Amino acid sequence: MSSPRTPVGAAARGHKTRRLADELRRAIAELRWPAGKLPTEQQLARDQEVSVNTVRRAVDLLVQEGLVYRRQGSGTYVSESRASGTGYTVGVVVPSLTYYYPRVIAGIERELSRHGCRMLLRCTEWDPGMEQEAVDELIRSGAAGLILVPTLGEDGPRHWLGIAGELAVPAVLVERGMDLTATSHEFVCSHHAAGARAAVEHLLGLGHTRVGYMERTSPHTAPQIRSGLAVGLERAGLDPAPVVTASLPRWTAEDADGFLGRLVARGATAALCFADREASLLVGAARRRGLNVPEDLSVIGYDNEVADLCEVPLTTVSPAKTDIGRRAADILRARIAAPDAPRRQEAFVPHLVVRDSTGPAPRRH
């Protein structure tokens, strides 16, 4: 029997809700409502061109996160008002406001606001030039410290991030650091190798011994995931190399079809994917080929951003994004308070969220 599918309408509503929740988080972080009160649900629905029900569901998410609260008969308020102006300003530089980082930002904002600090947020859209400009601007504006997600590829900020102390203010890196050899920068990041190993051990426990890896090219995360995958396979007495590995800067449905063909030809019964998007493409490729997930092929995603909205809800590795943001803010505050204290470098181990896309390995006749 095939796994239950998420209705198309429900998936679409979920996407709209998440997008609006991300937009509201950004608005709060940017102090768009400095008095601390959000517009009415009807006004937000008009401004965002969505239904009132979508607004209500998005606000519910922020209430669950503790970012806002509802006051009966009065409206919706940001949980910690930054209107008082106490405390200092922290600059935050991220590469994206639409995927992965909104929850990191929410964690940073929540921790800073608890201590009366203000956050200035800048997005670089993965552009090293914009990154440098954002850092310079935030320092000029008087930021007491920075929380950074720098691009570390060939065109990345080697000229300003090479040696700790080069910046004029304290800085903490987020989701970077384990890929910087012998760095003395403070950082908080996900231990992606441990996350990948947990995924592989889950598959091994289900009887899968032929596992493929569908990777999106990334200098930050991909090497760690490959390492964890290899360790998990080798500890089980298997070849540390997946039976099929492919890496592309961006996957299409056609690419996923080709990768699935290679998986089938090599007798693979499971695949770990670099992110939920790639996993969703692979699930779609399996459906087009007439294969069932997980009966014929088990699929694991990564990031837990849209995993529950896939046509087969995805088993996925879930980094502790909100907690990482909180901890980065906490470490920066400690550095500002005690500049000569020992530096801290911390990694959070992601956890595996098991849903419908993984199951026992199929019997081969």
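Bear in mind these aren't lab numbers, they're just calculated from the coordinates by the rules spelled out. Just so you know, these numbers come straight off a predicted model, no measurement behind them. With ideal geometry, Cβ positions are generated from the backbone for all residues, glycine too; neighbour counts draw on all protein chains shown.
Take each peptide in 242-250, 277-285, count the other Cβ atoms within 10 Å of every residue, and average; sorted highest first, the result is 277-285, 242-250.
Translational diffusion coefficient, Stokes-Einstein: compute it for the range 8-78 using the Kirkwood radius over C-alpha pairs as Rh, at 4 °C and 1.567 mPa s, and state it as an integer in µm² s⁻¹. D, rounded to a whole number, is 106 µm²/s. Distant-in-sequence amide contacts of THR315, defined by a placed amide H-H separation under 5 Å and a gap of 5 or more residues or a different chain, comprise GLY301, ARG355, ASP356, SER357, THR358. Between the labelled values (1) 17.4; (2) 18.5; (3) 19.9, the entry that holds mean projected area of the Cα convex hull in nm² as derived from this structure is (3). Put simply, the amide H of ALA347, placed in the peptide plane, has neighbours under 5 Å in CYS189, leaving out anything fewer than 5 places away on its chain. Placing a label point 7 Å from the Cα of LEU206 along the Cα-to-Cβ direction, the residues of the range 299-339 whose backbone N falls under 19 Å of that point are 299-319. On full extension, the segment bounded by LEU248 and ALA347 gains 33.0 nm, given 0.36 nm per residue less the C-alpha separation. By definition, a body whose alpha carbon gyration tensor gives a ≥ b ≥ c is rounded when a/c is under 1.5, and the range 192-319 falls into this rounded group.
Using 0.36 nm per residue and subtracting the Cα-Cα separation, the extra length available between ARG363 and ASP127 on full extension is 80.2 nm. What the Cβ-Cβ distance of LEU167 and TYR99 gives, at R0 = 30 Å and to the nearest 0.05, is a FRET efficiency of 0.65. If the segment from ALA182 to GLN64 were pulled out straight at 0.36 nm per residue, it would be longer than the present Cα-Cα gap by 38.6 nm.
Taking the helices alone, the chain has a mean residue ellipticity at 222 nm of -13000 deg cm²/dmol, built from -39,500 (n - 2.57) per DSSP H run of at least 4 residues and averaged over all its residues.
FRET efficiency for the ARG71 to GLN42 pair, using the beta carbon distance and R₀ = 22 Å, is estimated at 0.85. If you plug the beta carbon distance of ASP257 and THR217 into 1/(1 + (r/R0)^6) with R0 = 22 Å, you get a FRET efficiency near 0.70. Here each label is just a point 7 Å from Cα along the line to Cβ, and for ARG288 and ALA241 those points are 2.8 nm apart.
The phi-based Karplus calculation (6.51 cos²θ - 1.76 cosθ + 1.60; θ = phi - 60°) puts the 3J(HN,Hα) values of the range 219-234 at x, 8, 9, 4, x, 5, 5, 4, 4, x, 4, 5, 5, x, 5, 5 Hz, whole numbers, x for Gly and Pro.
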